[in-house]
Amino acid sequence: MATFLYKLGRLAFRRRRLVALVWVALLALAGVGAATASAPTSSSFSIPGTEAQKAFDLLEQRFPGASADGATARVVFKAPANEKMTDAAHKAEVREIVGELSDGSDQVASVTDPYNAKAVSQDGSTAYIQVSYKVNSMEMTEKTRTTLEEAGADARAQGMTVEIGGDALQVTPETGSTEIIGVAVAAVVLVITFGSLVAAGLPLLTALIGVGVGVSTITALATVLDLGSTTSTLAMMIGLAVGIDYALFIVSRYRAELAEGREREEAAGRAVGTAGSAVVFAGLTVVIALVGLAVVNIPMLSKMGFAAAGTVVIAVLIALTLIPAGLGFVGKRVHGRKDRRAIESRKAGEGAEEKPNMGTRWARFVLRRPIAVLVTAVVGLGVIAVPASSLEMGLPDDGSQPTSTTQRKAYDLLSDGFGPGFNGPLMLVIDGKANNNAKETATEVADKVKKMDGVVAVTPSTLNKAGDTATITVIPKDRPSSVETEDLVHSIRDTGDGIEAERGADVLVSGATAMNADFSQKMNDALIPYLALVVGLAFLLLMLVFRSVLVPLKAALGFLLSVVAALGAVVAVFQWGWLGSLLGVEQTGPVMSMMPIFMVGVVFGLAMDYEVFLVTRMREAFVHGERSGEAIVTGFRHGARVVTAAAVIMIAVFAGFIGSSESMIKMIGFGLAIAVFFDAFVVRMAIVPAVLALLGNKAWWLPRWLDRALPNVDVEGEALHKQLADTPGGPDGGPGSERELVRT
């Protein structure tokens, strides 16, 4: 592989205008496709194999036109002090609003009159209008949303409090500002790292081109492949991360080759042949992590993973082709003036001996005290991971919104007027088609559920036109995200199982609360298989890269430690409330169900990037004859600065989301930022060299039978270096020279 990439790097360097033209053409083609494609909508959300999803599918069949998956809204009214919502003036105003909402849009499916639907609290202080839409929130038009948002303006003028809750107000999160902040921070870090504006600008430019091609392609295919509007956000986040990382690594290696006196084309070939090999395998680990999301068996999540994986593949291809082409354009300006003078001085033999850099000094410190460093790092992460044992997972609802939002205010008004469980009703669906006994079964179910602890009210059953399916609404006593409500869901399902055995009718528990419980359970059940698949495949891949058993094992265990520690930090902040005021956490609650598995996928890819970038250079030095301790120092001398810069950039990008007013986005930003910090600076920079120092030469041990069985991918470029070294004619041309090697 190294030889092939060496030839590819030199070819891209020589044919730089053609390579640049091809990528610009691809960007333009993808841009035209995105501009002419219809706007992406919210992808259909389903959780195959769950009872709640089965109930939703049944409702779609038996209650046509009911829009079971349509958006809903509640316009909540609270009367002024010493007044009631049943007063004539208030009643007239509310009914006028009912008419305005009904006539305001053809996307409205139904609007309930609170005085006919018994939607007034017992004390008369609170009432609400229930609005159901034919489409989901992402498909609502601006006119429909504006009509909803402006509902109640006259009521407020009369002194009533009017707030609006429900998923109808949900919109696609705005993106742009956080990405701009991340790119700006990346630019500053790259300038500091390279000391050259040209060297700093090249990784940014190529990463943006890669993200542009990937995201534009996703946008162009969004309608055809039913890709949600959030898919491009994930692809942008991952693509920007790996695009900068991969370009950074190859540019850094190119600069090192130039500093050793190579000609520019030769330096580009060697950089792609060695660093490019690491990029290929690092990219494969990220692709494995993202494609592995299909294990969860949630179509939306699988599509997001595949789309993001495609963006990673584009980032790898750009790093292998457009980066060496760009290096051909920038010339010697890839080094700053200070570095160029230092290189010329070394060539002339006039420069003073180069001082050890920070990476070299740190590696030597770890080699002197490996046990102390290892114990400190492991114990520190272990302590931070303790809160993860109390992890509770759930999905966000209006109760998790900031207290300043109208959704949260509506949620609190309903809780105060009707009870905490009113915000999370359960829908029971009785399928009596087999024995035509839906009505009788529904009556029996309602009677038994009324007697359960934790149930406040049970509404009379509603039959469809065919009379073979019934629905019942159950109001729990506790709030939707509570453990008590989840236990109630399981209790009702157990009761339904008994009735099914007696009557032969299916009793299904659904609704948003039950769907959230099923989703959380599915994500929890999928976490271990996902970890096993991703870590197992990556272990085999890293075994190919490093020709070792212990190094991949150490990499996998270190990753698991950093992820558990990051989950512990997330639980402490967002579930327990530690440092919540500092980070702007207004409401504690369960950790978002998707958070752990999403964190595993994203952080695993980045962690393996840092592992490959750092340890590959150590392996390369070891293969070329250095002792194990010297190889560790060499790896840190050449790779620590690059890994540090890449990690700081990623932490800054992810941390930018902490400032979001949306609690779930804030949680994702904090979790990813702290996970990258733990993995890059504690695991890769401390635990990895400490373990390798303790293992010595045994770190690179591989059983002979396994060594013979595994294909030799030669990431370190050992065969390339040997071939170049044995080739007569020197590096500048002639028969058998390196140029002749490229031609052959």
Failed item, numbered, when I430 is tested on (1) crowded, with 18+ Cβ neighbours inside 10 Å; (2) modelled with pLDDT of 85 or more; (3) outside the structural domain of G504 (by TED's automatic domain parsing); (4) not hydroxyl-bearing (S, T, Y)
(3)
Being within 31 Å of the chain's Cα centre (by Cα) and more than 10 Å from G328 (Cβ to Cβ) is the filter here; which residues of region 6-33 pass it?
V22, W23, V24, A25, L26, L27, A28, L29, A30, G31, V32, G33
Quick one: which of T147, T112 is under 30 Å from A222 (Cβ atoms), hydroxyl-bearing (S, T, Y) and surrounded by 13 or more Cβ atoms within 10 Å (Cβ to Cβ)?
T147
Any idea which of A307, A325, A289 is over 16 Å from the mean Cα position of the chain (by Cα) and either surrounded by 24 or more Cβ atoms within 10 Å (Cβ to Cβ) or under 15 Å from I238 (Cα atoms) (or both)?
A325
Within region 88-131, residues being touching a residue at least 24 places away in the same chain (Cβ under 8 Å) and assigned to a helix (DSSP H, G or I) number 10
Can you tell me which of (1) under 32 Å from the mean Cα position of the chain (by Cα); (2) modelled with pLDDT of 90 or more is the one P370 doesn't meet?
(1)
Identify, please: which residue in region 377-421 is closer than 30 Å to G696 by Cα and without any contact (Cβ under 8 Å) to a residue 60 or more places away in the chain and is, among those, farthest from the chain's Cα centre (by Cα)?
V379
Among the helices (runs of 4 or more DSSP H) contained in region 575-662, which hold 1 or more residues that are in contact with a His (Cβ under 8 Å, 6 or more places away or on another chain)?
595-623
Kindly indicate which of A555, A532 is among the aliphatic types (A, V, I, L, M) and surrounded by fewer than 17 Cβ atoms within 10 Å (Cβ to Cβ).
A532
Is there a residue being under 30 Å from W701 (Cα atoms) and crowded, with 24+ Cβ neighbours inside 10 Å anywhere in region 570-590?
no
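The values are calculated or read from the model by the stated rules, or taken from the named source; none is laboratory data. Just so it is clear, the structure is predicted and the values come from calculations on it, not from any experiment. Neighbour counts run over all protein chains shown; Cβ positions are idealised from the backbone, glycine included.
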